[in-house]
1. Do you know which of the residues in region 87-115 that are among the acidic types (Asp, Glu) and in contact with a strand residue (DSSP E or B) (Cβ under 9 Å, 6 or more places away or on another chain) is surrounded by the fewest Cβ atoms within 10 Å (Cβ to Cβ)?
2. Can you pull out the residues in region 37-56 that are of a type in the set (Gly, Ala, Ser) and assigned to a helix (DSSP H, G or I)?
3. Quick one: Lys31 ticks every box in (1) closer than 16 Å to Leu188 by Cα; (2) open to solvent by 10 Å² or more (accessible area, probe 1.4 Å); (3) touching a strand residue (DSSP E or B) at 6+ places or on another chain (Cβ under 7 Å) except a single one, so which number is it?
4. Suppose we filter region 5-19 for residues that are open to solvent by less than 30 Å² (accessible area, probe 1.4 Å) and either in contact with a strand residue (DSSP E or B) (Cβ under 9 Å, 6 or more places away or on another chain) or free of Cβ contacts under 8 Å to residues at least 12 places away in the same chain (or both); how many remain?
5. Hey, could you check region 116-132 for residues that are farther than 16 Å from Gly165 by Cβ and out of contact with any strand residue (DSSP E or B) (no Cβ under 7 Å at 6 or more places or on another chain) and say which is surrounded by the most Cβ atoms within 10 Å (Cβ to Cβ)?
6. Which of the residues belonging to region 160-186 are within 29 Å of Arg77 (Cβ to Cβ), open to solvent by 80 Å² or more (accessible area, probe 1.4 Å) and in contact (Cβ under 8 Å) with a residue 40 or more places away in the chain?
7. Restricting to region 77-103, what's the tally of residues that are charged (D, E, K, R) and within 16 Å of the chain's Cα centre (by Cα)?
Amino acid sequence: MSFALNEIEATANKAARGAGLDWGIAEEAGKAIRWLAAHGLPGPEFLVQTLKRNRGLAHAVLAPDATGHSWTAPGGRLCPLIAGAALTDCAHEVLSGREVQLDRTSFPLLLVPYAAACGKATEAVIEVSWAGAAMTIAAGTELYIKGDEWNRVETEWVRCRRVAGGASGTPEIEIARCSVAGPVWDDLNEFAHRTYAPATEESRERGAG
């Protein structure tokens, strides 16, 4: 099925919220999934898998502890949605030349849109890399890919840094619509429906859906 990017963003936002993420992180997740979909990458698919993987786990278990050299999670595995939101909070540090390293992380591809946001509205070139893949973003939108391990379910480390010079790798062309498999879309909507208030007799009488 083919969907407009704004529909993908709205549904991803609701799905993330329905899975228990707070409103701010859910909103950023929606934008991140839209960004990936606009570059022809499996944002909706990886979002569903991430939400299923995180099911039943507390935010504190998945959130980064940034007090050491590398970001780590108390539960041993960072959530890219939560870590991504934290990454955008320290955008000024990345732009000033600080390298951010994350330890064991699920679906590292989901971090890329957050890194892109760090360089948005500037001439900065940001690189996100892990074993077997490097994703380079110029001006917050132009994406270049090197390596064939960009779709890993989990990686032992991820690095995010500003790099000198231009971007390199295979360019990804932006698209206006994205195809999402029916079962993936159904799963997104199943999470999204958890944000809806249950119907009552009064709401039915007023014509609520």
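The values are calculated or read from the model by the stated rules, or taken from the named source; none is laboratory data. Keep in mind that what you see is a predicted model, and the values were worked out from it rather than measured. All Cβ positions, glycine included, derive from the backbone under ideal geometry; neighbour counts span all protein chains shown. Note: accessible area is taken over every heavy atom of the protein model, side chains too, but ligands, DNA and RNA are not part of it. Shrake-Rupley method; radii C 1.70, N 1.55, O 1.52, S 1.80 Å.
1. Of everything passing the filter in region 87-115, Glu99 is surrounded by the fewest Cβ atoms within 10 Å (Cβ to Cβ).
2. Ala37, Ala38, Gly43
3. It is condition (3) that Lys31 fails.
4. The total comes to 3.
5. Ala117
6. Arg161, Arg162
7. Initial filter on region 77-103 (charged (D, E, K, R)): 77, 89, 93, 98-99, 103.
If we keep only those that are within 16 Å of the chain's Cα centre (by Cα) too, we end up with 77, 89.
Residues meeting the conditions: 2.
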